[in-house]
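Nothing in this text is a laboratory measurement; each read-out follows from the coordinates by a stated rule. Computed from a predicted model, the values in this text were never measured in an experiment. Methodologically, a virtual Cβ is constructed for each residue, glycine included, from the backbone with ideal geometry; neighbour enumeration extends over all protein chains shown.
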Amino acid sequence: MNQVDFLIVGAGLAGCVLAERLSSLGRKVLIVEKRNHIGGNCYDFIDNNGVLVHKYGPHYFRTNNDDVIEYLSQFTDWIKHDFKVKAYLQGKLYPIPVNRDTINLFFNKNLKGVLETKAFLDKKRTRIKKPKNAEEQVLSVAGKEIYEAFFKSYTIKQWDMHPKNLDASVTARIPIRTNNDNRYFTDKFQGLPRQGYTNMFKKLCQNCEVLLNTDYQEIKNKVLCDKLIFTGQIDSFFDYKFGKLPYRSLKINFERYEKEYYQDWLQINYPNDYKYTRIVEMKHATGQKISCTTISKEYPTWNGEPYYPVPNLVNENSYQKYKKEANKLSGVFFVGRLAQYKYLNMDEVVGKALTLSKSLSILK
């Protein structure tokens with residue numbers, strides 16, 4: 001029987017960061033990963049056209065956390081890139097998130113400053129003191145026209161449920177701006193690993209053992225460990241005793257073209273047209289100089305790898321039951337988007353993993 005100091009379930013961001021930190025202290029670490037690759041949903045690869053693509057959809061790294069970027073920069077150089085996204089609506093492309101340029105184009109206005117734009121939106125918005133759901137959140141900030149044009153149908157496609165049935169945090173992730181900042185994010189650091197995420201992950205876990213194509217449930221009685229770190233679905237750990245927590249997934253179709261670029265932008269969202277939600281062309285961010293290109297079209301689905309915890313009160317209550325069970329365990333730690341059933345950004349996952357590694361490093 002194999003014996004290790006730490007058994008880590010899952011070779012995504014949380015798992016590999018913890019593996020690197022703990023193995024650097026001389027601890028014996030074993031990672032088990034059910035898929036045939038490391039990197040979790042950040043996994044990227046060079047396709048048959050020679051284009052670097054993100055298998056599980058685009059992962060745009062950004063952060064305001066200096067500790068996170070300083071840590072990761074030990075394992076990769078970066079391509080700095082301010083990510084920009086457009087939304088296709090009635091034959092026109094609008095900047096996303098909605099900002100002053102979006103508002104001027106959509107309403108055929110010429111608003112010239114933050115105060116003027118705020119005053120305009122103030123007339124449009126619905127007076128709701130404490131938005132209870134994703135619909136009310138947008139209505140309270142920007143009003144019915146913006147909500148129905150840019151948010152309502154997109155949210156229904158993405159989540160397969162009406163925004164009224166989702167937590168306000170879902171639409172709050174995409175702000176309504178009154179300036180003309182056309183960047184998708186405003187974080188001070190934005191970019192991609194220069195050689196790709198997978199290369200970075202290889203360096204993170206180069207000093208520990210990794211078992212791919214290995215389900216934790218199949219080996220949990222074959223490995224002795226002092227501590228267990230679980231980054232998978234928390235409900236699976238407890239054999240779904242309180243029922244399955246729902247996750248939205250994506251079916252991603254890759255299309256290859258013998259041209260330098262397919263579209264003029266990294267990402268174009270389709271809130272109202274077509275069954276897919278967005279088309280992504282990663283070459284705009286990676287800067288690859290190659291005569292062909294690959295795009296990805298995303299179709300949200302309930303089947304496939306878990307991507308997005310579904311945030312509403314019913315699911316949160318179910319998760320809390322699992323969390324209560326987890327808190328009873330000694331020597332078992334749950335970290336990451338799936339284990340915490342929370343839509344965490346990549347830098348948040350890294351930050352939580354670094355924090356946990358510091359506390360684990362002093363445990364005997």
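A DSSP coil position with no more than 15 other Cβ atoms inside 10 Å describes the following chymotrypsin sites (Phe, Trp or Tyr not before Pro) in the stretch 286-345: Trp302.
For Cα Rg over 2.2 N^0.38 Å, computed directly from the structure shown, the correct entry in (1) 1.05; (2) 1.00; (3) 1.11 is (1).
Across the stretch 100-172, the volume of the C-alpha convex hull divided among the residues equals 83 Å³ per residue. Summary of packing: across the peptides 223-232, 161-170, 121-130, the per-residue average of other C-beta atoms within 10 Å ranks them, highest first, as 223-232, 161-170, 121-130.
Charge dipole of the chain (Cα centre as origin; +1 on each Lys and Arg Cβ, -1 on each Asp and Glu Cβ, all else neutral): 920 debye, rounded to the nearest 20. In a simple Cβ point-charge model (Lys, Arg +1; Asp, Glu -1; nothing else charged), the stretch 100-172 has a dipole of about 320 debye relative to its Cα centre.
Here the stretch 130-194 and the stretch 225-257 have alpha carbon centers that stand 25 Å from each other. Think of the chain as a dipole: +1 on every Lys or Arg Cβ, -1 on every Asp or Glu Cβ, centred on the Cα centre; then among Pro309, Val141, Leu105, Val141 lies furthest on the positive end.
In sequence order, the stretch 38-43 has phi-based couplings of 8, x, x, 7, 7, 3 Hz under the Karplus curve 6.51 cos²θ - 1.76 cosθ + 1.60, θ = phi - 60°, and Gly or Pro positions carry x.
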